[in-house]
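Remarks on the structure that follows.
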Amino acid sequence: MEQLPLDLALPPRFGAADYMVSSSNAAAHATIARWPDWPDRVLILTGPEGAGKSHLAAIWAEHARATTVSLDDLARADLATLAAHPLVVDDANNSSGFEANLFHLLNLVRDERSFLLLTARVPPDRWGLRTADLLSRLRLAPSVAIGAPDEDLMRAVLVKLFADRQLLVDEQLVGYLVVRLERSLDAARRAVEALDRAALSQHRRVTRPMAAGILDACRLDDD
């Protein structure tokens, strides 16, 4: 008889000490760390979903005492007030319907000599922007990209996630997951959370058959 585990999922940790650097994110990490010695007042951080953009943006926000807002917030807030201090705008690639707000914000940030970090999945040319002046300004802004997590980063993240939950696993199991999981930090978090729940409900340590079952269940859910 299995025990029903309590939902005690750990929230993602976005501190600087929790960010792991590898070849896939080293350039982006170095650029963010160089602040305030940026080449421009605006920086665009791009990368696929689950690559760690939000984590890196959160590190900068803490260091620069920046406010993090959504595109929806730009439509409701006083842009002049926002632009007076360092600012992060997440998911800027979804700018359809907010182009006028974003264009105005870019101008205000430069006028105020503040800083703006935009996160996006793809470069501005692929945002589907209709405002030519906005696209022109974004093209002139420096950008830095995070790649999909490489094997070394996935391995390090899995080890840390297991350790955070005090789960004892061997290197072979970590390697088994690395080569089978989607290359995404979110996928790593979901897999470890699912394995933690399975181990609690079955009163067993995490094993390779258990991991195989979790991966199969994830594939069925995706289908």
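Nothing in this text is a laboratory measurement; each read-out follows from the coordinates by a stated rule. What you see is a predicted model; the values in this text were computed from it and never measured. With ideal geometry, Cβ positions are generated from the backbone for all residues, glycine too; neighbour counts draw on all protein chains shown.
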Within a Gaussian network of the chain (alpha carbon springs, distance under 10 Å), most fluctuating of V122, V159, V179: V179
Rounding to the nearest 10 and keeping the result within 0 to 90°, find how far the Cα-based axis of helix 53-64 lies from the longest principal axis of the chain. 60
Given H placed on each backbone N at 1.01 Å, which residues far from T67 in sequence or on other chains put an amide H within less than 5 Å of it? L87, V88
Enter the angle in degrees (range 0 to 90, nearest 10) between the Cα long axis of helix 208-222 and the first principal axis of the Cα atoms of the chain, meaning the one along which they spread out most. 50
Mind checking which of A57, A156, A120 has the largest fluctuation in a GNM of the chain, springs on alpha carbons under 10 Å? A156
Per residue of region 155-166, what does 6.51 cos²θ - 1.76 cosθ + 1.60 with θ = phi - 60° give for ³J(HN,Hα)? Whole Hz please, x for Gly and Pro, Karplus curve as stated. 5, 5, 5, 4, 4, 5, 5, 5, 5, 4, 9, 6
Which angle between 0 and 90 degrees, to the nearest 10, do you get for helix 185-202 versus the longest principal axis of the chain when only C-alpha atoms count? 30
Going by amide H atoms built from the backbone, whose H comes under 5 Å of the H on A145, apart from near neighbours? T46
How much length is gained on full extension from A26 to A75, taking 0.36 nm per residue of separation minus their Cα-Cα distance? 14.3 nm
Testing the spin-label approximation: label points 7 Å from Cα along Cα→Cβ at D152 and V122. State their distance in nm. 3.0
Gyration tensor on Cα atoms of region 149-222, a ≥ b ≥ c root eigenvalues, a/c under 1.5 rounded, else prolate if a/b beats b/c, else oblate, says oblate
What percent does the relative contact order of the chain come to when contacts are Cα pairs within less than 8 Å and at least six residues apart? 25
Can you tell me the dipole magnitude for region 17-145 around its Cα centre, using point charges on the Cβ only (Lys, Arg +1; Asp, Glu -1), in Debye to the nearest 20? 280
Calculated from DSSP helices alone, with each H run of at least 4 adding -39500 (n - 2.57) and the total divided by the residues of the chain, [θ]222 nm to the nearest 500 comes to -15000 deg cm²/dmol
Given a Förster distance of 45 angstrom, what is the FRET efficiency for D37 paired with L168, based on the Cβ-Cβ distance and rounded to 0.05? 0.55
Efficiency by 1/(1 + (r/R0)^6): what FRET value for A212 and H104, r their Cβ-Cβ distance, R0 = 35 Å, to the nearest 0.05? 0.10
Highest-MSF residue in the chain out of S70, S143, S24 [GNM, Cα springs under 10 Å]: S70
Charges on Cβ only, +1 for Lys and Arg, -1 for Asp and Glu, centred on the Cα centroid of the chain; of V69, A28, A92, which one is farthest towards the dipole's positive end? A28
